[in-house]
Amino acid sequence: MKRLLSLVFATLLLGLSACGAQPASSASSSAPVQSSQEENSETTPFTLPVFPDFSLHPTLGSNRANLTLSSLLYEGLFLVDETFQAVPVLCERYSASEDKLVWTFTIRSGLTFSDGTPLTGQSVADALELARSEQGRYRTRLADVSSIAAEENTLTITLSRPNGSFPCLLDISIANGSGERPSGTGPYVLSSSDEGLVLTARPGWWQHKELPFDVIPLYSVSKSDELIYAFDAGNVSLLDVDLMATNAMGYGGNYQTWDYATTDFIYLGFNTASGICRSAPVRLAISAAIDRQAIAQTVYASHAIPSALPVHPDSPLYAPDSAQRLSYNPDTLAGQLEELGLAGKELRLLVNNENESKLSAAQLIAYQLGSAGLTVQVEALLYEDFTAALDKGDFDLYLGETVLTADFDLSPLLSSSGSLNYSRWNNADTNGLLSAMHSASQGEPKRQAAQALFTHLEQQLPIAPLLFKNGSVLTHWGRLTQLSPIRNNVFYQLENWTIQ
């Protein structure tokens, strides 16, 4: 009965705070609407948006639409597939020292950038140095890199901290130079025509895959509302969006949604240094009373995957048995209120009020915990006030969000010195298990190290994982099929696409 009430409440909550969100699956649609889009779809070629006034550099730029084009123009040493595993691309082979501090990569020989410049170890090193520079988008991801050295087609990267999954961090587009529109090694080349910017299939592309489009016109826009109109009108064929983002734009017309897994992690943080949540049994009981599935389906309109562990369920590191032991069981909290000293207590749950989805999720969590007998007061704060309260430890619970790296390094959240450890969790065993997981080699050693960490977290639970958000690709209804987008590459397996 409590689960039913929770779902009913969440459905009403969604109607109030998440209006316009579309249901998601591998391919789902909005309600059919007759529009000029349907007339244009038969005559308009496959077209992508571009913001020409913004940089198209894959590691220096920040415009989302322009970055979406990166995987058509550029390639990385690796790509990270749908299971968060590193797949070699420009890298032909690689090895690591026993301590996982020194990694050596051999670059494929005979490749060139689209301007004819040879791809060498030095050009890759230069691109990675730029990516980790102060202005680069990947300076945090590559913070453990101590040095990068190159010799002919060999690249040597030395780390300050052992990482057995370092290739998972190297799905970084390699561009030739620091200009706003540098050349790359990808399947398409950017050029100008009388009609504007255009992508043209590159003759002799080294992967020799048959592409569905010889030419992709780019539709120029200068601001977000123009992008919405262009897609709704059928002038743009595809968008990569976060439908649950702060200030997410709304789209009309008749379109399909192709969701893909991300490492965008939503979790409930506990104050483990003071207050009632210092107790591990209290934290475990609270976590058990949260219906993650209801939050993902209603508040996030199924654009999220529930997870009781701090790794994505699609990752081979995910441990179903551990997740099951941490799954939804509101009777755990209801039956232990007196024993845990929670009867009559009121807990403060902080949330940033600038994101409607997180605010609705916090309200639903409070309702779920209330249904199990615990009183929770939600305090919605401006971002600056929210982070200030976290810094001071002025909370019992908080709803957090962070984008994890593809190697699922949990140190920022759970280590004693972690930059996101607002829970103030300080445990030597946790630190050791985090280090062991981070340094373990891919495959069975990594899975065993992850399982050891999760077994430990089952007993301590300094944070309660909730879900991982999905990214979404929007296309006009029935126009494209066989899409298989992945994180950082919505054109993954483009050779399999068909256009109607």
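The values are calculated or read from the model by the stated rules, or taken from the named source; none is laboratory data. None of these values were measured; they are calculated from a predicted model. Heads up, the Cβs are rebuilt from the backbone with ideal geometry, glycines too, and the neighbour counts pull from every protein chain shown.
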Given the condition of a type in the set (Ser, Thr, Tyr), more than 20 Å from residue 44 (Cα to Cα) and not assigned by TED's automatic domain parsing to the domain that holds residue 131, answer yes or no: does some residue in segment 176-185 qualify? no
Test for residue 443: is it more than 30 Å from residue 98 (Cα to Cα) and either in the same structural domain as residue 309 (by TED's automatic domain parsing) or touching a residue at least 12 places away in the same chain (Cβ under 8 Å) (or both): no
Filtering segment 418-463 down to residues that are more than 22 Å from the chain's Cα centre (by Cα) and aromatic (Phe, Trp, Tyr) yields 425
Enumeration of residues in segment 137-170 that are surrounded by fewer than 20 Cβ atoms within 10 Å (Cβ to Cβ), of a type in the set (S, T, N, Q) and in contact with a helix residue (DSSP H, G or I) (Cβ under 7 Å, 6 or more places away or on another chain): 153, 154
Flagged pairs (Cβ under 7 angstrom, 6 or more apart or on separate chains; first in segment 144-163, farther than 17 Å from residue 119 by Cα and free of Cβ contacts under 8 Å to residues at least 12 places away in the same chain; second in a strand (DSSP E or B) and among the polar types (S, T, N, Q)) are 147/158
Quickly run through segment 41-91 and pick out the residues that are within 20 Å of residue 136 (Cα to Cα), among the polar types (S, T, N, Q) and assigned to a loop (DSSP other than H, G, I, E, B). 55, 59, 62, 63
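Looking at the structure I just gave you, is residue 335 small (Gly, Ala, Ser), surrounded by fewer than 18 Cβ atoms within 10 Å (Cβ to Cβ), on the phi > 0 side of the Ramachandran plot and in the same structural domain as residue 449 (by TED's automatic domain parsing)? Please lay out each step first, then the result.
Details: small (Gly, Ala, Ser): yes; surrounded by fewer than 18 Cβ atoms within 10 Å (Cβ to Cβ): yes; on the phi > 0 side of the Ramachandran plot: no; in the same structural domain as residue 449 (by TED's automatic domain parsing): yes.
Taking the combined requirement at face value, the residue does not satisfy it.
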Does any residue in segment 354-372 that is closer than 17 Å to residue 246 by Cβ come within less than 6 Å, Cβ to Cβ, of a residue that is of a type in the set (Val, Ile, Thr) and assigned to a helix (DSSP H, G or I) six or more places away or on a different chain, and which pairs are these? 357/299; 360/299; 361/295; 361/299
Checking residue 437 against (1) part of a strand (DSSP E or B); (2) buried (at least 18 other Cβ atoms within 10 Å of the Cβ), the condition it does not meet: (1)
Within segment 146-164, residues being closer than 18 Å to residue 91 by Cα and outside any loop (DSSP other than H, G, I, E, B) number 9
Among the residues of segment 359-378, is any more than 23 Å from residue 328 (Cα to Cα), surrounded by fewer than 21 Cβ atoms within 10 Å (Cβ to Cβ) and in contact with a helix residue (DSSP H, G or I) (Cβ under 9 Å, 6 or more places away or on another chain)? no
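Looking for whichever is crowded, with 22+ Cβ neighbours inside 10 Å and part of a loop (DSSP other than H, G, I, E, B) here; the options are 468, 491, 454. Which one fits? Outline the logic, then answer.
Details: 468 fails: part of a loop (DSSP other than H, G, I, E, B); 454 fails: part of a loop (DSSP other than H, G, I, E, B).
Just a single option satisfies the conditions, and that option is 491.
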